[in-house]
Amino acid sequence: MLSTGTPPTIAAIATANGRGGVGVVRISGKNLLPFAQQITGGKTPEPRTALYTDFLDAQGNAIDNGLLLYFTAPASFTGEDVLELQGHGGQIVLQMLLQRCLELGARIAEAGEFTKRAFLNNKLDLAQAESVADLIDASSQSAARMAVRSLKGAFSAQIHTLVDDLITLRMLVEATLDFPEEDIDFLEAADAKGKLRALQTQLADILANARQGAILRDGMSVVLVGAPNVGKSSLLNALAGDDVAIVTDIAGTTRDTVREQITLDGVPIHITDTAGLRQTDDVVEKIGIERSEKAVQNADVALILVDPSEGINKTTRDIMCRLPAHLKRIEVHNKIDLRNVQAARSDDAAAQSLSGADTVISLSAKTGAGLDLLKAALLQQIGWQGESEGLFLARTRHIHALQTAQAELENAALCDNNHIELLAEHLRLAQAACNQITGEFTSDDLLGVIFSRFCIGK
Ligand code: GDP
Ligand code: ZN
């Protein structure tokens, strides 16, 4: 499927930047045996067998020693010949190994280029290729489990079943087109409309799973609002609980204290404490604050913390005014342990909202009482139904394609026997939308966008 000529040999450091026991340089290209012989000083590696060897520079001096793995086309990740040089995990020695690969005729791989070649050589479909990146970027164990499922083809299999059924129906309908006088009997006898309804149900199920998967992939964004000392930091810690995977450094930034990421029932929750949003002259802090302001604008839910005995003070009211109108609000009455516990738990449902929020929850960040109610309310706000077998880590791209297919099926269902051509056309468009997901008919532009978001070496 590669367009013209022999694709160049590509090489990249495949392990993460930093120090590690082992570091891997990966090479993919056509006929890499001579390459392997040159870098090992004339050894001939057996395919799929680890060869313990020195990796040599042009003068025959050892750059490093380690294991060489040799995969011959097409039985490799990319579908080409692949070499893996497993050396020691230091950045200098890996750079020297990579440099040697360039001397031997490789060029540095672009982001996602290995996976792109795997796709172009039919080793993976597009949804599977995307799941490679999703697995690497997974921010919770649930997300990682979903990504592996997609990588192994679970999502693609659902799409293929759907497309197969669509094709069967299209054949039925198009056969009717060829015999116009018989159309009414034929469509009815074949129960075309019934088959179409079944397809719509099938698609609706996939879409529902995809939406759940998207929640797991993208998570939810929450802002904490409340006066000083009302218990925002304590609540954040309580929510994080014994979650070992508290991510404090968000990609590309130094740690800023106003943002945290926790995981609730596998869903990544990005939390911004608006207490950090104050006036400052410090440049670095200003950047952090601007980023937080953005987080507030893009948030899904605001948690408004109040001490019911004190009400809402001016600072809290000021911040509340700046919250976007679409934001869902949950009012939290903290420190119930300081009040009459019996009363606090039982008057839960009756607690009056001071901020106008629909949901009010009384809890104690200190003792943890009522925390389960808050967690449930948060997950309910975004419609999370819990991890289940059918889920996959859908991307917006997948959801849009499924929605397009759904709209086309709805249009198809409106076509009566006088509009069989239109019916056929809607079914064709529905199939085209589904095929976009697995990449069967996908433009080069889209491929460029998808693979450029990978990191180098993948
Ligand atoms: P923030 O300024 O809103 O982040 O508030 P903190 O989380 O720093 O809490 C302020 C004070 O209130 C601390 O001394 C906390 O230990 C205390 N606190 C927070 N939540 C509770 C609670 O639920 N019960 C009690 N008794 N004290 C709490
Ligand atoms: Zn705080």
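The values are calculated or read from the model by the stated rules, or taken from the named source; none is laboratory data. Since the model is a prediction, treat every value here as computed from it, not as a measurement. All Cβ positions, even for glycine, are placed from backbone atoms using ideal geometry, and neighbour counts span all protein chains on display. Ligands, DNA and RNA are excluded from the accessible area calculation, which covers all protein heavy atoms including side chains. Shrake-Rupley method; radii C 1.70, N 1.55, O 1.52, S 1.80 Å.
General observations
- Computed over the chain, Kirkwood Rh from alpha-carbon pairs, angstrom: 26.2 Å
- Flagged links, alpha-carbon separation over 21 Å, of 328/366; 30/458; 232/314: 328/366
- Legend: residues 321, 415, sorted from most to least accessible area (1.4 Å probe; ligands, DNA and RNA excluded), read 321, 415.
- Helix content alone sets the calculated 222 nm mean residue ellipticity of the chain: runs of n ≥ 4 DSSP H residues at -39500 (n - 2.57) each, divided across all residues, give -14500 deg cm²/dmol.
- Backbone amide hydrogens, once placed in the peptide plane, bring residue 220 within less than 5 Å of 269, 270, excluding anything fewer than 5 places away on its chain.
- Kirkwood hydrodynamic radius computed over region 71-155 comes to 14.6 Å, based on all pairs of distinct alpha carbons.
- In order along region 52-67, the Karplus-derived 3J(HN,Hα) couplings, from 6.51 cos²θ - 1.76 cosθ + 1.60 at θ = phi - 60°, round to 7, 7, 7, 9, 9, 8, 4, 8, x, 8, 6, 7, 6, 10, x, 10 Hz, and Gly and Pro are given as x.
- Ordering of 158-170, 204-216 by burial proxy (mean other Cβ atoms within 10 Å per residue, highest first): 204-216, 158-170
- Look at the dipole of the chain built from charges on Cβ: of 429, 169, 206, the Cα furthest out on the positive end belongs to 206.
- Rg and Dmax of region 2-145, both derived from C-alpha coordinates alone, stand at 15.4, 49 Å.
- Local electrostatic count at residue 73 - Lys and Arg +1, Asp and Glu -1, tallied over other residues with Cβ under 14 Å: +2
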